[in-house]
Structures are given as C-alpha cells and as structure tokens.
Amino acid sequence: MVLADLIAHGVGAIAKRVSGPGRPLGVVVAVLFLAVGPLSLGVGTLKAGGSRGVGKACPVQAMTRHLNRPPWAERSLTILASANFGPEIMYRTGHKVLGTLHHRNAAGILDSVRILSGADEAEARRLVSQRRVDLIVLCPGSGSDGYLLGRSGGPALYRRLEGGAAPGWLRQVDLPEELGQSFRLFEVVNLP
C-alpha cells in the first residue's frame, strides 16, 4: 500500500511538471523506477547475504523421508519441531506434530515454545511427558526456529540441544550425513 501511494504521488508530480508527448514516457519511467527499484535492491541484498534472519535452508522433505523409514515408520509418533515444519511433517508422514501454524492449535505452539525456550528442565520434561512427545527435530541456524531460542536468560533447552548437551531423558539420534548437516534429531527416552 505504501509503494502504491508512493507511485501515485510520483505520477501526480510528473503529470504536474511535464506536459506534451514526454508525459507518458516520464510516467512509465517513474512507475518502473518506483516499483522495480526497491524490489531489485532487496533481491540484491539477499543475494549478497546481507539479510539478517535468513538462514540456511532446511530440507524438510528429506527429513520426512527419513521419518518414513524404520524405526520411525513402525508407529505414529508425536514430533516437536518448528511450527513452520509442522504442516510438511503431517502431510508427508503418518506422524503427529505438536504445533503447526496452519491450524488452531495455539496451545501446541505455546507448549513447543515453553519446552524448547525455557530454562526449567523439569517443566520441559513435564510438558514433553504430558504431550507424549516422541521426537524433537531442530534445524539450527535456519531462522525457522528463532522463536524457540529462549528469552529466559537461562540455558534454554534449545540451546543445550544445539550444543550437544542433551539431558538424560533425550537421546541424540545419528542422522545420515546429508540430513545431519541441517538437522538435529532427539528421541525422548527415560520418561515415566
């Protein structure tokens, strides 16, 4: 809307100042400059790597293929992952997810955040048990998990998992090399 307003003002200014056969050409040049200019500047910035918050890509489809193989395919599991990955995991596997942005499960999203961003391990463990989470999938450095990193000032579970310091009730699962470059997979073990 802002860009459309800017273009309208630019066209109006040209129409006031330029008359005759040069007016249509001036309007076209102004519209192209105002419409394409900011877009090409943004694309150039992304290509140069100057965009913050845009991280590496997470090949979620490849992860879902892995989750469709034994031992994970033998039963329906509940997976805690970024809510951004939830729809893809649900669509491509027989598994459930704790949170996804494409339905009204706000409680699942909030519990995902409480589990991974909290510093209270007992609370995280209680929620994992209550929600019957079987697997935790992380894609560190992607930007898709940014809201899970924690603001508590303490050692968020996400940060601990990212650093390889899983608590005793989680076991890190070895992944094939192509997946291990992007993802961390943890299996919930030793819960009552």
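A Cβ distance below 7 Å, combined with a sequence gap of six or more or placement on separate chains, defines the contacts here; from the range 73-97, residues that are at pLDDT 90 or above reach residues that are among the acidic types (Asp, Glu) in the pairs 77/134; 78/134; 79/134. The residues of the range 157-192 that are without any contact (Cβ under 8 Å) to a residue 40 or more places away in the chain and more than 21 Å from residue 62 (Cβ to Cβ), listed by number, are 159, 160, 163, 164, 165, 166, 168, 170, 171, 189, 190.
The values are calculated or read from the model by the stated rules, or taken from the named source; none is laboratory data. Values in this document were obtained by computation on a predicted structure and should not be read as measured data. Neighbour counts are summed over all protein chains in view; Cβ atoms, including those assigned to glycine, are modelled from backbone coordinates with ideal geometry.
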